[in-house]
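The values are calculated or read from the model by the stated rules, or taken from the named source; none is laboratory data. Worth saying up front: this structure is predicted, and the values here are computed from it rather than measured. Backbone-built Cβ (ideal geometry, glycine too); neighbour counts: all protein chains shown. When the accessible area is computed, the model is the full protein with side chains, heavy atoms only, and any ligands, DNA or RNA have been set aside. Shrake-Rupley method; radii C 1.70, N 1.55, O 1.52, S 1.80 Å.
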Amino acid sequence: MSMIDRVKNILLSPKTEWPTIAGESTTTQALYTGYIMILAAIGPVAMLLRWGSVAGAITTYVLTLIMAYLVALVADVMAPTFGGEKNILQSLKLVAYSCTAVWLAGIFQILGMLAGLIGLIALIYSLYTFYLGVTVMKKVPAEKAVGYTVVVVIGAIVLGVLLGSLMSLLGYGRMGM
C-alpha cells in the first residue's frame, strides 16, 4: 500500500484500516524509512521555515524519531498488564500510524500561534486513533482499552519530560524546541 493511501485510510477510516495494518508484515527499518521518518519531518521542516532554527529543527526531528520507538516500548511493556500481547513490531505500527494526524498537523507550525490549536485537535484525534487500534494491534480486551491507552499516554508524557530535561541539561533546551 502506498504511503498516501495509508495516510488517507488511517485518517478517514481508522476502524477498518487497523485490521489491514495488523495483518501486514514489515520491519522496524521499513516503518521508519517508509513512514515515520517522512511524516515526522513535516513539523521540523515547518519549524525551520518559520523560525530559521536549523539546530532546533534537527533536534526536534531526532527527538520525535526516538520518542516514537520509546512510546512503542512502553506500549509493548504495558500490553500484558491489560491482557494484551507483547509484540514490539505491532506496538511500533500502533504508535507510528496513530501519530499520523499529529505529524501532518506539524505543517501548521508555519502559522505560529494557530499551530497550537490545530496541533491539539490533531493530538486528540491521534489519541482516538491509538485507542481504536489497541484491541486490534495489541489484542487488549475492549473493556481495558481506555485504561491501556491512558497508561501509555502517561508513559509518553513522562518520557517526553525526561527526554526534554535531559536535552536541556545537555544545552539543547534553548534551540527553539
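How many residues, within the stretch 77-89, are closer than 17 Å to P19 by Cβ and surrounded by 22 or more Cβ atoms within 10 Å (Cβ to Cβ)?
1
For the stretch 25-61, name all the residues that are closer than 24 Å to G84 by Cβ, open to solvent by 40 Å² or more (accessible area, probe 1.4 Å) and in contact (Cβ under 8 Å) with a residue 24 or more places away in the chain. Break it down into steps so the answer makes sense when it comes.
Filtering the stretch 25-61 for residues closer than 24 Å to G84 by Cβ gives 25-28, 30-32, 35-36.
So of that shortlist, the ones also open to solvent by 40 Å² or more (accessible area, probe 1.4 Å) come out as 25-28, 30.
Across the stretch 25-61, the qualifying residues are T26, T27, T28.
Checking the structure you have, find out if any residue of the stretch 67-84 is out of contact with any Phe, Trp or Tyr (no Cβ under 9 Å at 6 or more places or on another chain), hydroxyl-bearing (S, T, Y) and at pLDDT 95 or above.
no
In this structure, does V95 turn out to be β-branched (V, I, T), open to solvent by less than 40 Å² (accessible area, probe 1.4 Å) and touching a residue at least 12 places away in the same chain (Cβ under 8 Å)?
When the stated conditions are applied, V95 passes them.
Considering only residues of the stretch 99-114 that are among the aliphatic types (A, V, I, L, M) and surrounded by fewer than 20 Cβ atoms within 10 Å (Cβ to Cβ), which is nearest to V71 (Cα to Cα)?
Let us first name the residues in the stretch 99-114 that are among the aliphatic types (A, V, I, L, M), namely 101-102, 104-105, 107, 110-111, 113-114.
Pick out the ones that are also surrounded by fewer than 20 Cβ atoms within 10 Å (Cβ to Cβ) and you get 104, 107, 110-111, 113-114.
Working: L104: 19, I107: 22, I110: 27, L111: 28, M113: 27, L114: 27 Å.
So, considering only residues that are among the aliphatic types (A, V, I, L, M) and surrounded by fewer than 20 Cβ atoms within 10 Å (Cβ to Cβ), the one nearest to V71 (Cα to Cα) is L104.
Test each condition in (1) under 15 Å from the mean Cα position of the chain (by Cα); (2) surrounded by 14 or more Cβ atoms within 10 Å (Cβ to Cβ); (3) free of Cβ contacts under 8 Å to residues at least 40 places away in the same chain for L120 and report the one that comes out false.
L120 satisfies all of (1) under 15 Å from the mean Cα position of the chain (by Cα); (2) surrounded by 14 or more Cβ atoms within 10 Å (Cβ to Cβ); (3) free of Cβ contacts under 8 Å to residues at least 40 places away in the same chain except (2).
On the basis of being open to solvent by 30 Å² or more (accessible area, probe 1.4 Å) and within 12 Å of the chain's Cα centre (by Cα), does L70 make the cut?
Yes, satisfied.
Step by step: first the residues of the stretch 85-111, then only those that are in contact with a Lys or Arg (Cβ under 7 Å, 6 or more places away or on another chain) and modelled with pLDDT under 95, then the one that is nearest to I157 (Cα to Cα). Which residue is that?
Q109
Residues to consider are V45, V62; find the one that is assigned to a helix (DSSP H, G or I) and modelled with pLDDT of 95 or more.
After ruling out the rest, the residue left standing is V45.
From Y148, Y128, grab the single residue that is outside any loop (DSSP other than H, G, I, E, B), under 13 Å from the mean Cα position of the chain (by Cα) and under 21 Å from K93 (Cβ atoms).
Testing whether each residue is outside any loop (DSSP other than H, G, I, E, B), under 13 Å from the mean Cα position of the chain (by Cα) and under 21 Å from K93 (Cβ atoms) leaves just Y128.
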